[in-house]
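Undergrad: The structure follows.
Every number in this text was worked out from the coordinates using simple rules, so none of it is lab data. Just so it is clear, the model here is predicted, and its values are computed rather than measured. Methodologically, a virtual Cβ is constructed for each residue, glycine included, from the backbone with ideal geometry; neighbour enumeration extends over all protein chains shown.
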Amino acid sequence: MTGVGPGRVQGLDVLRGFALSGILLVNAQVMAGPYGGLGGGPETSATDRAAAWAVTALAEGKFYLLFSFLFGYSFVLQERAADAEGAAFAARHLRRTVGLFALGTLHAVLLYPGDILTMYAVLALPLYGLRRLAPRTALRLAAGLVATLSLLLLVYGLLTVSTAGPPDAPHPGWAADTVAAHRGDAGAVIGVHLHDLRAQLGADLLYAPDIFAAFLAGLAAARLGLAEGYGRDRARLRRVVVWWLSVGLAGGVATAVCVNGPLDGRWFFVGRAVDVLTAPALTASYACGLLRLVRGWPARVLAAAGRTALTNYLTQSLVLALVFTGYGLGRYGRTGTAAVLAGCLLLYVLQLAASRFLTARVRYGPAELLLRTVTLARRPAPSGSSSPAGPLRSDEPRPVP
């Protein structure tokens with residue numbers, strides 16, 4: 001059985017395990033074909049367009065925020081664990097950052113250029129510098145970053161709408177070249193990943209303030225002990241859902257209308273501005289609703305997936321790469337969005353079962369063990385056996401994104 005200690009908050013693992021589902025839905029669309037969640041090409045069926053529209057409205061931009069919030073929260077728990085052990089947190093944090101960056105680089109080049117681990121590693125450095133911020137100051141800075149990015153995107157988007165003509169159709173050979181590269185041999189797949197990384201770097205820089213804002217919100221929440229206290233107050237959890245769910249859903253619908261249609265591509269950045277501003281409301285509603293409703297064995301299953309989140313995240317990309325690229329079946333551009341999402345559901349259920357099986361026998365998943373070893377500069381010691389006693393507690397802080 002896995003070890004249990006006083007420092008870990010099982011509610012965070014539940015949220016992390018849940019977030020894996022949304023990350024999978026969004027990433028799978030990008031890895032499955034050249035149109036990457038934008039609704040598909042001219043011959044895409046209405047069912048597939050509706051599926052892509054729903055993912056944009058309900059998942060895109062929401063679950064990476066949840067992961068980022070949890071990263072900031074776990075940062076504080078790791079600092080406390082280092083202090084309790086009398087270890088130098090700065091050295092641990094730097095080693096963990098280097099480990100995350102290395103894993104993310106390999107992941108981006110070999111499997112999925114949209115990797116988030118490298119961005120987490122880079123932003124973890126200024127997070128360390130701001131770790132002493134008072135919770136209220138951290139939240140104000142986070143709100144300022146979100147508002148500023150949303151305003152910039154909105155201004156740019158409105159300028160695009162007012163000055164640009166109707167978007168041109170993609171170059172006829174563009175999709176064919178992209179499809180051929182992804183279905184090619186390993187060299188071709190890695191080559192297209194390296195090419196895509198240039199565009200991904202621009203996207204990372206653009207949305208870095210949004211990710212860092214979520215880090216700061218997690219930092220503030222951990223300083224206030226929200227998951228340990230607020231997470232048990234079902235009435236307060238319900239109030240968050242009631243207050244913010246409608247705002248988040250309205251923002252998600254507006255985003256999908258701009259990004260996936262019926263509005264055309266000129267409205268893309270307007271949709272992104274709405275998403276940056278309103279996604280935190282839907283993310284908070286998801287998180288609070290889940291903590292309020294999920295108890296007992298469903299919570300334990302999700303927590304097991306959350307405890308092995310890094311392993312599961314990398315495994316998702318590996319499976320998708322084997323299905324859609326020339327590494328394996330070469331289904332890139334051959335599978336509709338609805339079928340992709342159905343496959344994601346199956347994969348996620350299998351991951352839940354595998355995570356529960358794994359964590360019943362070992363303390364760390366393979367990727368967690370590797371990163372934990374790098375972080376500590378030694379192999380972590382095994383713990384005693386026991387089981388989580390309550391819905392919100394689990395074992396020590398674990399370095400996963």
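Undergrad: With +1 assigned to the C-beta of every Lys and Arg and -1 to the C-beta of every Asp and Glu, and no other charges, what is the dipole magnitude of segment 8-394 about the Cα centre in debye, to the nearest 20?
TA: 1760
Undergrad: I would also like to ask the following. Of all the stretches in the chain, which is the longest one without any exposed loop site, taking trypsin sites (Lys or Arg not before Pro) in a DSSP loop (any state but H, G, I, E, B) with at most 14 other Cβ atoms within 10 Å?
TA: 133-294
Undergrad: Hey, what number do you get for the chain at 222 nm if only DSSP H runs of n ≥ 4 count, each worth -39500 (n - 2.57), divided across all residues, to the nearest 500?
TA: It comes out at -25000 deg cm²/dmol, rounded to the nearest 500.
Undergrad: Among Ser162, Val192, Leu149, whose Cα lies farthest out toward the positive end of the dipole of segment 88-207, if unit charges sit on the beta carbon of Lys, Arg (+1) and Asp, Glu (-1)?
TA: Leu149
Undergrad: Name the long-range amide H neighbours of Val9: under 5 Å, sequence gap of 5 or more, or other chain; modelled H, no Pro or chain starts.
TA: Ser394
Undergrad: With unit charges on the beta carbon (Lys/Arg positive, Asp/Glu negative), name the residue among Leu290, Leu77, Ala250 whose Cα is farthest towards the positive pole of the charge dipole of the chain.
TA: Leu77
Undergrad: Next question, about the same structure. Normalising by the residue count of the chain, find the relative contact order in percent from Cα pairs under 8 Å and 6+ residues apart.
TA: Dividing the mean separation by the residue count of the chain yields 38 percent.
Undergrad: For segment 1-157, what is the relative contact order in percent, using Cα pairs closer than 8 Å and at least 6 residues apart in sequence?
TA: 17
Undergrad: Where is the GNM fluctuation largest for the chain (alpha-carbon springs, 10 angstrom cutoff): Leu58, Leu110, Leu201?
TA: Leu201
Undergrad: Among Ser45, Ser68, Ser21, which one shows the biggest mean-square fluctuation in a GNM of the chain, springs joining Cα atoms closer than 10 Å?
TA: Ser45
Undergrad: Evaluate the distance, in nm, between pseudo-label points positioned 7 Å from the Cα of Asp264 and of Ala342 along their respective Cα→Cβ axes.
TA: My value for the distance between the label points is 3.4 nm.
Undergrad: Report, as a whole number in µm² per second, the diffusion coefficient that Stokes-Einstein gives for the chain at 10 °C and 1.306 mPa s using the Kirkwood radius over alpha carbon pairs.
TA: 73
Undergrad: Between Thr160 and Arg140, what is the FRET efficiency for a Förster distance of 35 Å, r being their Cβ-Cβ separation, to the nearest 0.05?
TA: Step by step, r from the Cβ atoms, then E = 0.70.
Undergrad: What FRET efficiency do you get for Asp233 and Ala176 if R0 is 60 Å and r is their Cβ-Cβ distance, rounded to the nearest 0.05?
TA: Calculated value: 0.60.
Undergrad: Please report the spacing between the Cα centers of segment 89-154 and segment 302-329 in Å, no decimals.
TA: After rounding, the separation between the Cα centres reads 22 Å.
Undergrad: Using the 10 angstrom Cβ neighbour count as an exposure proxy, how do Asp185, Asp48 rank, fewest first?
TA: Asp185, Asp48
Undergrad: Relative contact order (percent) for segment 233-339, with alpha-carbon contacts under 8 angstrom and 6 or more residues of separation?
TA: Computed over segment 233-339, the figure is 24 percent.
Undergrad: List, in order, the whole-Hz ³J(HN,Hα) value for each residue of segment 142-151 obtained from phi through the Karplus relation with A = 6.51, B = -1.76, C = 1.60 and θ = phi - 60°; use x for Gly and Pro.
TA: Once θ is set to phi - 60°, the couplings for segment 142-151 become 4, 4, x, 5, 5, 5, 5, 5, 4, 5 Hz.
Undergrad: Let me ask you something else. About the Cα centre of segment 187-235, how large is the charge dipole given +1 on each Lys and Arg Cβ and -1 on each Asp and Glu Cβ? Please answer in debye to the nearest 20.
TA: Taking the Cα centre of segment 187-235 as origin, the dipole is about 140 debye.
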